[in-house]
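Written below as structure tokens is the structure these notes are about.
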There are 2 protein chains.
Amino acid sequence: MTGYTIRRARREDVGAIVRMLADDQLGAARDDPDDLRPYLRAFEDIDADPNQALVVVVFRDEAVGTLQLTIIPGLARRGALRGQIEAVRIRADHRGSGLGADLVRGAIDESRRRGCALVQLTSDVSRVAAHRFYERLGFVPSHTGFKLKL
Amino acid sequence: MTGYTIRRARREDVGAIVRMLADDQLGAARDDPDDLRPYLRAFEDIDADPNQALVVVVFRDEAVGTLQLTIIPGLARRGALRGQIEAVRIRADHRGSGLGADLVRGAIDESRRRGCALVQLTSDVSRVAAHRFYERLGFVPSHTGFKLKL
């Protein structure tokens, strides 16, 4: 991890984050880094919400990894908070070095600091390598994740 | 649906909601309606957060169904909002009447009103009947849901 820094995302990281979202087997059709306006609007909402933490890994002043952590209050499990991880991406040329594991472990640590009773995430059923990665980190594939497009 | 009203949960509904959470194949070991204090604290947090909507179905002044909708901002999908449904429960003696479908459809409608691009939820792999229910409502089981207890 020499040369890498994990920190909260800033407005100037949004372009690099969107390029990672678009450079992906599933995200290519859904995201467009040529028009950042909708992403910058969304960034303002995320950044202003104390229950959201958009995080980047920076290498030589550029974001090369990202994830979003959302803290969700709930009644179940004696009023437990849960941490939810979304949009985990590592730039292709920085994969295989343990960066993703460090990033996810950071989100687990932050969830623990905030008093969460569990951390959850979903991963597309086609992302087989990602599933092995999460299981190595201790996650249990106990649920089916359903989506409905509006 | 005669006699049923869907509305936001109030503090006085918390006891009935927790009894539904505890009266469940998976929740029985995790929730305890005899001590409402942690639940009432959590209710205050949920109720104060504009991105949360804890909803109940009321029949004769008692909550007999519940779910929680969380609106999550994100960068992916051109800065889309997503609606997330958690903690869906219908009291045993009110099942089979279409109440659950009405409740979930209400959360889908609310997500659409708030501009969400998708609605998501996870369901324990053992809840086979629930999976058929969500598929009938149009949800696609495209993801694996991972949990890590802290």
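Computed from the coordinates by the stated procedures, all read-outs in this text should not be read as laboratory data. Quick caveat: nothing in here was measured; it's all calculated off a predicted structure. Cβ placement follows ideal geometry from the backbone for every residue including glycine, while neighbour counts extend to all protein chains displayed.
Observations
- Candidate set: the stretch A:83-123, residues that are of a type in the set (S, T, N, Q) and facing another protein chain (nearest Cβ under 7 Å); chosen: the one surrounded by the most Cβ atoms within 10 Å (Cβ to Cβ): A:SER111
- Those residues of the stretch A:1-20 which are hydroxyl-bearing (Ser, Thr, Tyr) and surrounded by fewer than 17 Cβ atoms within 10 Å (Cβ to Cβ), in sequence order: A:THR2, A:THR5
- Filtered residue count, the stretch B:124-150, keeping only those that are within 7 Å of chain A (Cβ to nearest Cβ) and outside any strand (DSSP E or B): 6
- With respect to the stated conditions, A:ALA87 fails to be touching a residue at least 40 places away in the same chain (Cβ under 8 Å), assigned to a strand (DSSP E or B), under 26 Å from B:VAL128 (Cα atoms) and of a type in the set (Gly, Ala, Ser).
- Exactly one residue among B:ALA22, B:ALA80 is within 11 Å of another protein chain (Cβ to nearest Cβ), among the small types (Gly, Ala, Ser) and over 30 Å from A:VAL55 (Cα atoms), and that residue is B:ALA22.
- Residue within the stretch B:54-77 that is of a type in the set (Ser, Thr, Tyr) and within 30 Å of A:ARG19 (Cα to Cα) present: yes
- Note on the stretch B:101-119: residues that are under 11 Å from the mean Cα position of the chain (by Cα) and closer than 14 Å to B:PHE139 by Cα total 2.
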